[in-house]
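So the structure is just underneath, and the comments pick up after that.
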Amino acid sequence: MIIESEKNHKQWKKVGINVSIFFVLLFINLFRGSKKNPSIFGIVRCSGADWSSLIIYVIICGVLSYVSVKAV
């Protein structure tokens with residue numbers, strides 16, 4: 001079953017994980033803002049919400065990494 005799924009380039013589980021982590025990263029960047037561009041949600045840099053969003057992002061990355069290892 002694994003050999004059959006690895007034969008072609010239509011590996012939707014892996015693509016789905018990569019796309020989801022990309023969209024989470026995009027959302028976190030828009031949520032947190034930067035020095036040049038402020039947050040679109042009005043989050044102040046180094047505030048509790050800013051650090052919480054970063055911690056949540058790390059947790060999501062950990063969960064998706066675990067799911068991806070299990071999928072392989």
Over segment 31-55, the set of residues out of contact with any helix residue (DSSP H, G or I) (no Cβ under 8 Å at 6 or more places or on another chain) and either surrounded by 13 or more Cβ atoms within 10 Å (Cβ to Cβ) or polar (S, T, N, Q) (or both) is GLY33, SER34, ASN37, PRO38, SER47, ALA49, SER52
The chain: helices (runs of 4 or more DSSP H) wholly inside it with 3 or more residues that are out of contact with any Leu (no Cβ under 9 Å at 6 or more places or on another chain), of a type in the set (A, V, I, L, M) and modelled with pLDDT of 90 or more are 12-32, 48-71
Scan segment 15-30 for residues that are closer than 12 Å to ALA71 by Cα and either of a type in the set (Asp, Glu) or surrounded by 13 or more Cβ atoms within 10 Å (Cβ to Cβ) (or both) and jot them down.
GLY16, ILE17
Of the residues that make up segment 53-60, is at least one free of Cβ contacts under 8 Å to residues at least 12 places away in the same chain and aromatic (Phe, Trp, Tyr)?
no
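The values are calculated or read from the model by the stated rules, or taken from the named source; none is laboratory data. All figures in this text were calculated on a predicted structure; none of them were measured in a lab. Methodologically, a virtual Cβ is constructed for each residue, glycine included, from the backbone with ideal geometry; neighbour enumeration extends over all protein chains shown.
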